Amino acid sequence: MKKHRIIYLYTVCIIIAFQACNPKYVPNVINTPMFTEAGEVNVAVNFGESGFDPQLSASLTDHFGIMLNGSLSKQTDYSLNASSHRFLEFGAGYYTKSNTFARFEVYGGYGFGNFKAQHYFTPIYNDSPSYLIKSDVNCNRFFIQPGFGIITDYVELSLASRFVNVNYLSGPDSDNGLRGVPFFFVEPALTLKAGSKYIKGVLQVGTSLLLNYNYVGYEYDPFILSLGLQVKFDTFARKHRKPNYNPEFEETDLNSYNL
């Protein structure tokens with residue numbers, strides 16, 4: 001029954017997304033690594049509201065991690081309404097563990113991409129014929145993303161809020177008004193990962209909220225909804241990591257033998 005509800009919710013969101021006929025921004029799936037220590041690598045693939053979103057992340061030290069995220073989508077419907085996008089971003093940040101189960105992380109980064117869309121608009125108050133409206137914009141995006149999570153070997157639950165600044169670089173004449181206008185969004189999302197220690201299914205639900213600007217004709221996708229799969233690797237460095245050397249412990253151990 002729960003599975004049917006998730007499928008229904010996903011379908012409804014897809015339908016609503018098409019109502020934003022010419023989206024000039026589609027939020028990608030938020031990458032929440034929730035590392036424990038150096039030497040961890042996460043590889044994930046996600047499918048959902050933003051299309052196909054691959055993710056790669058790695059912990060280089062006990063408190064420093066990096067990530068690389070992408071998003072690809074191409075959608076059409078029976079009336080030739082269509083939208084597509086390509087987006088790539090990279091980031092780096094700090095993470096720490098408060099105790100055995102609690103994790104805190106904050107990442108920042110930069111991304112860039114292209115968003116295209118077209119739809120046929122039919123006036124409903126007169127007999128004018130339908131006409132085609134197109135949008136094709138390039139943009140960059142800066143983000144900062146704090147997050148908190150509770151993790152075990154089999155279940156992870158985290159809440160992250162991504163704050164983003166989207167800037168448009170180029171587009172057709174109809175979109176020239178977007179240039180030089182900074183758009184700011186806040187994107188909270190809840191992420192659930194469950195499975196085995198190294199392979200987990202991933203569900204993410206969130207939203208994207210425009211904070212600062214009400215530009216006439218500006219449309220974006222307000223939903224973050226995805227299902228995916230994450231595979232975790234322990235690198236050679238972590239598997240063969242030596243325990244911290246403690247000279248005081250060694251001295252105490254030798255004294256116990258009265259040498």
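Please treat every number below as a calculation from the coordinates, not as lab data. Computed from a predicted structure; not experimentally measured. When we count neighbours, we look across all protein chains shown, and the Cβ atoms used for this are built from the backbone with ideal geometry, even at glycine.
Amide H of Ser50 versus every other amide H placed in the peptide plane: which residues, excluding those fewer than 5 positions away on the same chain, fall under 5 Å?
Those lying under 5 Å, H to H, from Ser50 are Leu225.
Using a 7 Å offset from the Cα along the Cα-to-Cβ direction at both Leu80 and Val181, what is the distance between the two label points in nm, to one decimal?
2.8
Please tell me which of these pairs span more than 24 angstrom C-alpha to C-alpha: Lys24/Lys193; Lys74/Lys134; Lys97/Lys197?
Lys24/Lys193
Arrange Val29, Val41 by Cβ neighbour counts within 10 Å, fewest through most, would you? Don't skip to the end; give the middle numbers.
Values: Val29 30, Val41 16.
With the sparsest Cβ surroundings first, the list reads Val41, Val29.
List Glu105, Glu37 from most exposed to least, where exposure is judged by having the fewest other Cβ atoms within 10 Å. Don't skip to the end; give the middle numbers.
Values: Glu105 22, Glu37 14.
Ranking Glu105, Glu37 by Cβ neighbours within 10 Å, fewest first, gives Glu37, Glu105.
For Val181, which sequence-distant residues (separation of 5 or more, or a different chain) have an amide H within less than 5 Å of its own amide H, given hydrogens modelled in the peptide plane?
Those lying under 5 Å, H to H, from Val181 are Tyr168.
Can you figure out the FRET efficiency of Leu56 with Thr152, using R₀ = 22 Å and their beta-carbon distance, to the nearest 0.05? Before the final figure, lay out each step's value.
Details: r = 23 Å, r/R0 = 1.05.
The computed FRET efficiency comes out at 0.45.
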